[in-house]
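The values are calculated or read from the model by the stated rules, or taken from the named source; none is laboratory data. The model shown is predicted, which means the values in this text are computed figures rather than measured ones. Glycine also receives a Cβ, built like all others from the backbone with ideal geometry; neighbour counts cover every protein chain displayed. Just so you know, the surface numbers come from the protein's heavy atoms only, side chains and all, with ligands and any DNA or RNA stripped out. Shrake-Rupley method; radii C 1.70, N 1.55, O 1.52, S 1.80 Å.
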Amino acid sequence: MPLLFRKVRDLRNHLRSLRCDRGLSVGFVPTMGYLHEGHKALIRRSRVQNDVTVVSIYVNPTQFGPSEDYDRYPRDLERDMAVCEELGVDVVFAPPDEEIYPIGFQTEVYVKGISDILEGRFRPGHFKGVATVVLKLLNIVQPDRAYFGEKDYQQLKVIQTMVRDLLLPVEIVPVETVREPDGLACSSRNVYLSEEERESALSLYRSFLLAEDLIKGGERRAEVIKRKMEEFILSHPHVRKIDYVEITDPDLKPKDKVEKGDRILLAVWVGNTRLIDNWKVSV
Ligand code: AMP
């Protein structure tokens, strides 16, 4: 079993001795738990590249809006510990809220600009919560490398920007999105979907294939591609609403004419579940 820590001080003492006394390298995988194949890919990458792998499991309240799913977000530490054991994780950090947000805390991290577009427009304050908790976790763990999924592409960009701007001594390693065999991106929130909703949720992935087909056929106008993707997604039952479909360059600047390497990002409500996904244009 991995060692389980609840307290910042205990974790710090343990990692200090691994790092300083034994000279071991540390890889860090921050998660909100309910681990799936996407998380596993990050953990496996860390295991290959580092002597010690630390996984944090913390459902961070400050990145959820007041009407979002913080309360019903799936949690199962026992199961997550078993997954971590199977993958050879050395240390799990699962702190209570008071360890991360001591009474009277005042400081937040706000990565301007990039936090306010796309997800940020629909989830005000979300990336402030993300950047703040990730900086805290990086300060606690002080890893050599930290692993983030491209599934949350904008989050990855926010973290990369924060690390660059604040001169943090850590390498951020992006990991490609892991999908179910039928194309649905792995997500802890997929458990919210009924069987029928899950079927409709496949339209997100399939809309990326549609976009690729259009581009292959010579269509380069972002507006046209986005409209056709939206029509396709909305033609499925249980799809309630599209928050956005956007096409950007790799740094999230909107594009009019689509090129290889651009990103297509979307957020869609299927029933009461909000799903996000993104795609790197390959043609
Ligand atoms: P979460 O537990 O949802 O906060 O995710 C923890 C980390 O796992 C983040 O860096 C996510 O981007 C990453 N992640 C989540 N789902 C996937 C996926 N399907 N493929 C790759 N990485 C993922």
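Condition check for V134 on (1) assigned to a loop (DSSP other than H, G, I, E, B); (2) within 16 Å of the ligand (Cβ to nearest atom): one failure, at (1).
In this structure, does V158 turn out to be of a type in the set (V, I, T), under 30 Å from M32 (Cα atoms) and not assigned by TED's automatic domain parsing to the domain that holds V48?
Values: of a type in the set (V, I, T): yes; under 30 Å from M32 (Cα atoms): yes; not assigned by TED's automatic domain parsing to the domain that holds V48: no.
Criteria not met by V158.
Kindly indicate whether N272 is crowded, with 20+ Cβ neighbours inside 10 Å and of a type outside the set (A, V, I, L, M). Considered against the rule, which asks whether it is crowded, with 20+ Cβ neighbours inside 10 Å and of a type outside the set (A, V, I, L, M), N272 comes out as no.
Does P237 satisfy being open to solvent by 70 Å² or more (accessible area, probe 1.4 Å) and touching a residue at least 40 places away in the same chain (Cβ under 8 Å)?
Values: open to solvent by 70 Å² or more (accessible area, probe 1.4 Å): yes; touching a residue at least 40 places away in the same chain (Cβ under 8 Å): yes.
Against the criterion (open to solvent by 70 Å² or more (accessible area, probe 1.4 Å) and touching a residue at least 40 places away in the same chain (Cβ under 8 Å)), P237 qualifies.
Of the residues making up region 40-60, those that are touching a helix residue (DSSP H, G or I) at 6+ places or on another chain (Cβ under 8 Å) and open to solvent by less than 40 Å² (accessible area, probe 1.4 Å) number 10.
Looking at region 12-52, which of the residues that are of a type in the set (S, T, N, Q) and closer than 21 Å to D152 by Cα is nearest to the ligand (Cβ to nearest atom)? Looking at residues that are of a type in the set (S, T, N, Q) and closer than 21 Å to D152 by Cα, I get T31.
Sub-7 Å Cβ pairs linking a first residue in region 33-49 that is in the same structural domain as N60 (by TED's automatic domain parsing) and basic (K, R) to a second residue that is at pLDDT 95 or above and near the ligand (Cβ under 8 Å from one of its atoms), at least 6 apart or interchain, are R45/Y147; R45/V175, ordered by first then second residue. Only a single item in (1) closer than 24 Å to D249 by Cβ; (2) out of contact with any helix residue (DSSP H, G or I) (no Cβ under 9 Å at 6 or more places or on another chain); (3) more than 14 Å from the ligand (Cβ to nearest atom) is not met by E197, and it is number (1). The single residue among V163, V133, V109 that is buried (at least 18 other Cβ atoms within 10 Å of the Cβ) and touching a Phe, Trp or Tyr at 6+ places or on another chain (Cβ under 8 Å) turns out to be V133.
Residues that are of a type in the set (A, V, I, L, M, F, W, C), under 18 Å from T177 (Cα atoms) and assigned to a loop (DSSP other than H, G, I, E, B) within region 1-39 comprise M32, L35, listed in sequence order. With the structure loaded, tell me whether F122 is aromatic (F, W, Y) and more than 13 Å from the ligand (Cβ to nearest atom) or whether it fails that test. Yes: the conditions hold for F122.
Being touching a helix residue (DSSP H, G or I) at 6+ places or on another chain (Cβ under 6 Å) and among the β-branched types (V, I, T) is the requirement here; does V133 meet it? Considered against the rule, which asks whether it is touching a helix residue (DSSP H, G or I) at 6+ places or on another chain (Cβ under 6 Å) and among the β-branched types (V, I, T), V133 comes out as no.
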